[in-house]
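Undergrad: Handing you this structure, nothing more for now.
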Amino acid sequence: MDINSIKRNYGILGKSIDLNRAIDIAVQVSSTDITTLVTGESGTGKENIPKIIHSLSNRKHENFISVNCGAIPEGTIDSELFGHVKGAFTGAHETRKGYFEVANKGTIFLDEVGELPMSTQARLLRVLENGEYIKVGSSEVSKTDVRIIAATNVNLSQAIKDGKFREDLYYRLSTININLPPLRKRGNDVQLLFRKFAVDFADKYNTDPIMLDNEAIKLIQDYNWPGNIRELKNFVQNLSVLEKEKNISKSKIVSYLSSKNQNLPIIKSNIEDNDFSEREILYKVLFDMKKDLNHLKKITDELIGKNKINKDDYDENILQVDNFYKKEMKEEEYFIEQNLSLFEHEKNLISKALNKHNGKRKNAAKDLGISERTLYRKIKELNL
């Protein structure tokens, strides 16, 4: 089956070279039982790759089970994956099969594998090495014949350095690594996807599809789309439902994006790969202001030397300008330090709580007085 046929079957749209390469690798490994790791940012469509591999494999007539490891509480994930016997814990009124037993002879897809607790990682490593596992509360070794495909948006190399992921498990999982590109690196695919979603939502809501003018098209092409395809789809849905005028201008696009993203527009530019942080940008602004002031002084000194302006007037005015810039720079520096201190304080509090409870998010969240879901989101935001 060629790549275009696969795209049609799974509703994948795009002509990006990196996207085609990822699908091509999936096709090549499908005829084997090699363990595969799918990487990429959240919202890039990683869930399609395991489905493609399974559908083209010799296991296609057996079970395909998808498990979101990040959505299962730490206290129950071993039971979910490997099963438990009756009486293994409070509430275990009967023996239960785990996903690895149910998926026997088939394929299991472990999404967000980077969120697995260390104890569960050890159990998973044993399955990968010899197909063996032990149900919770049992001493009997069980066997399974299952193909494992994992996915993550976490930098596992960094997680290994931070002691949050086993290095031996990483090498077992990443025999083949398939990376899906972020939407911002897929060029004209953004416009293609926008049109597709616009038509889909027009059919769904029985309305005319939204259209973009040239400036609006350029804006969505340049926007960073941190949420990738998922964010773009939600954005098109909002426009389709809320806008009566279906010819959308650049200003309308900006108003929608800025309402949900205070940092808008996050626009790609020639310095995209420089990866400026907010602090670096603010400091750059400050240094540019100072450079402009020095340049202004230099020009004015030259004019004084040529008797083009009065020196007394210059001294008085330049003092006012100098004081203004110094005041502005002090305020900017104070703003930067305040924001950084708040950011670091929050990061330190969460880190201490996680370390105190050995990485157990449920206990850490309770200690911090926030929900486990909020803690999970903060861990993502702060890159902990």
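Any read-out appearing in this document is the output of simple, stated calculations on the displayed coordinates, not a laboratory observation. Remember, it's a predicted structure, so these values are computed and weren't measured experimentally. Here the Cβ positions follow ideal geometry from the backbone for every residue, glycine too, while neighbour counts run over all protein chains shown.
Undergrad: Provide the gained length on full extension for the span T95 to K356, in nm with one decimal, where the gain is 0.36 nm per separating residue minus the Cα-Cα distance.
TA: That works out to 90.6 nm of additional length.
Undergrad: Which FRET efficiency value, to the nearest 0.05, do you get for S5 and D145 by plugging their Cβ-Cβ distance into 1/(1 + (r/R0)^6) with R0 = 25 Å?
TA: It comes out at approximately 0.25.
Undergrad: Okay, next question. Just how large is the dipole of the range 65-104 about the Cα centre, in debye to the nearest 20, putting +1 at every Lys and Arg Cβ and -1 at every Asp and Glu Cβ?
TA: Dipole of the range 65-104, to the nearest 20 debye: 120 debye.
Undergrad: Report the charge-dipole magnitude of the range 3-181 in Debye, nearest 20, computed about the Cα centre from +1 at each Lys and Arg Cβ and -1 at each Asp and Glu Cβ.
TA: With Lys and Arg at +1 and Asp and Glu at -1, about 460 debye.
Undergrad: Does a label point 7 Å from the Cα of T35, set along Cα-to-beta-carbon, have any residues of the range 123-138 with amide nitrogen under 12 Å, and which are they?
TA: It comes to 123-132, nothing else.
Undergrad: So if each residue of separation counts as 0.36 nm, and I subtract the Cα-Cα distance between A122 and L192, what length gain in nm does that give?
TA: That pair, A122 and L192, stretches by 20.9 nm at full extension.
Undergrad: Further question: Between beta-carbons, use under 12 Å as the cut-off and find the net charge around T107, counting Lys and Arg +1, Asp and Glu -1.
TA: Charge balance in the 12 Å sphere: +2.
Undergrad: With each label point set 7 Å from Cα along the Cα-Cβ vector, what nm distance links Q237 and Y376?
TA: About 1.9 nm, to one decimal.
Undergrad: Can you give the extra length, in nm with one decimal, that the chain gains between M211 and L349 once fully stretched, where that is 0.36 nm per residue apart less the Cα-Cα distance? If you can, show how the numbers build up before the last one.
TA: Values: separation 138, 0.36 × 138 = 49.68 nm, distance 4.69 nm.
Value of the extension gain: 45.0 nm.
Undergrad: Rounded to the nearest 0.05, what FRET efficiency do N383 and H61 have when you use their Cβ-Cβ distance and R0 = 30 Å?
TA: Working: r = 42 Å, r/R0 = 1.39.
With R0 = 30 Å, the Cβ-Cβ based efficiency is 0.10.
Undergrad: Here is a further query. Could you sort out which of K161/K366; K185/K380; K86/K347; K60/K233; K60/K366 sit more than 32 Å apart by Cα distance in this structure?
TA: From K161/K366; K185/K380; K86/K347; K60/K233; K60/K366, over 32 Å: K86/K347; K60/K366.
Undergrad: Report the calculated FRET efficiency for N155 and N68 (r = Cβ-Cβ distance, R0 = 25 Å), to the nearest 0.05.
TA: Here the calculated transfer efficiency is 0.85.
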